[in-house]
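Report on one structure; see the data block that follows.
Only the coordinates and a few stated rules stand behind these numbers; no lab work does. Fair warning: this is a prediction, and the values are worked out from it, not measured in the lab. For neighbour counting, all protein chains shown are included, and Cβ atoms are generated from backbone atoms with ideal geometry for every residue, glycine included.
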Ligand SMILES: *Cc1c(COP(=O)(O)O)cnc(C)c1O
């Protein structure tokens, strides 16, 4: 094995810490949960990241989701370049907003109308406000371990970095602000039924990750999504699918396409982000036209954004979605095969070494939980041995594989990953698993 040198990244991190809290602009990037120093990235291409010391890594976190077609995907890069030449922003409407909206609509039949924002956080925050405005009700049901961005009302028992750092709810969120957020266990329909009984005609919406990624990967139990659909309909609440992670990843039409047969009626509202911007900051909220038409300037629910529908971001999204739509028949089966080879391959190695590992995979997202027991909700995810995960993570980094730096995050595979990358990941994991349980 080549010596793993990180001298330049360390120096860059130390310099960054003097101006940026923790040296980062988003907490999990700091590697606090896994120890060691975060490499600083210089460039990336296809399935590989290159850091400031010249180390190469097979990328298994894909910018936390957007890089479904691999890094520096030429049509996306070209579209951004071309749009930049016409000026990066106007603060006025462009034809490109309709073009991307039409492509989103084509992929998600439940989205009759939509609005662009600049992040998944904004998309979810706006969808909640809209649901409350439309129903004229205050309460929101969310689920433990699900992450819907960092808006105040949604930072209750949240996943992602909130779970990684064991923050029960963020400081700076007054109890009154979160008072109308009900956080329930995922995959537990009974708890939802009880909440509706306890707050009759006061619940505006149920928001969830239809497949959880932000507590690590957790699939919905059979009948769970259909049960939520039935309960929300019965009680006049809106059902919001947060597909910021799963949209365009689990299928072209996200989890709602993948689980369509069981779901029956589609969600009322959907939020998107990550892949839809091709790596640029884009979020979307959309759904039923009667609900969306409550937004200003047509209706009384206010929502706005200086850079919303930014032309660079629209151009990147259009290039991305065109490719996905055109090549869906090859793309999704390939993602499925490559991800299964990686996820199941490491599961097999762990079994051979007698290590208790639970592998959860849905499409091209997966998590290796360091626990021998099934993971079906946040409580069972939390039973994982995070010290083992941290050693495994470190061992993989040293052998040129970059996993998300937390047990409570999903790993992602792109179309740029192939047999070579599968081999590299399995070879690294064989040794890193040994380190992990040492
Ligand atoms: C990433 C994510 C968000 C937040 O999106 P940002 O662009 O980081 O604000 C919201 N919901 C889900 C499911 C996500 O995975």
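The table below gives the values:
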read-out	value
Unique match (being in a helix (DSSP H, G or I) and either crowded, with 19+ Cβ neighbours inside 10 Å or in contact (Cβ under 8 Å) with a residue 60 or more places away in the chain (or both)) among 10, 29	29
Unique match (being assigned to a helix (DSSP H, G or I) and touching a helix residue (DSSP H, G or I) at 6+ places or on another chain (Cβ under 6 Å)) among 226, 230, 195	226
Qualifying residue in region 411-425 (condition: in contact (Cβ under 8 Å) with a residue 60 or more places away in the chain, touching a strand residue (DSSP E or B) at 6+ places or on another chain (Cβ under 7 Å), in a helix (DSSP H, G or I) and within 27 Å of residue 247 (Cβ to Cβ))	yes
Residue 5 more than 23 Å from the chain's Cα centre (by Cα), in contact (Cβ under 8 Å) with a residue 12 or more places away in the chain, more than 16 Å from the ligand (Cβ to nearest atom) and not in a helix (DSSP H, G or I)	yes
Count - residues of region 111-125 that are farther than 18 Å from residue 83 by Cα and surrounded by 20 or more Cβ atoms within 10 Å (Cβ to Cβ)	9
Residue that is nearest to residue 410 (Cα to Cα) [pool: residues in region 65-82 that are in contact with a helix residue (DSSP H, G or I) (Cβ under 8 Å, 6 or more places away or on another chain) and assigned to a helix (DSSP H, G or I)]	76
Selected residue (criterion: surrounded by the most Cβ atoms within 10 Å (Cβ to Cβ)) from residues of region 328-360 that are touching a strand residue (DSSP E or B) at 6+ places or on another chain (Cβ under 8 Å) and not in a helix (DSSP H, G or I)	357
Residue 142 vs. criteria surrounded by 18 or more Cβ atoms within 10 Å (Cβ to Cβ), in contact (Cβ under 8 Å) with a residue 24 or more places away in the chain, over 28 Å from residue 308 (Cα atoms) and within 16 Å of the ligand (Cβ to nearest atom)	no
Checking residue 239 against (1) more than 12 Å from the ligand (Cβ to nearest atom); (2) crowded, with 24+ Cβ neighbours inside 10 Å; (3) in a helix (DSSP H, G or I), the condition it does not meet	(3)
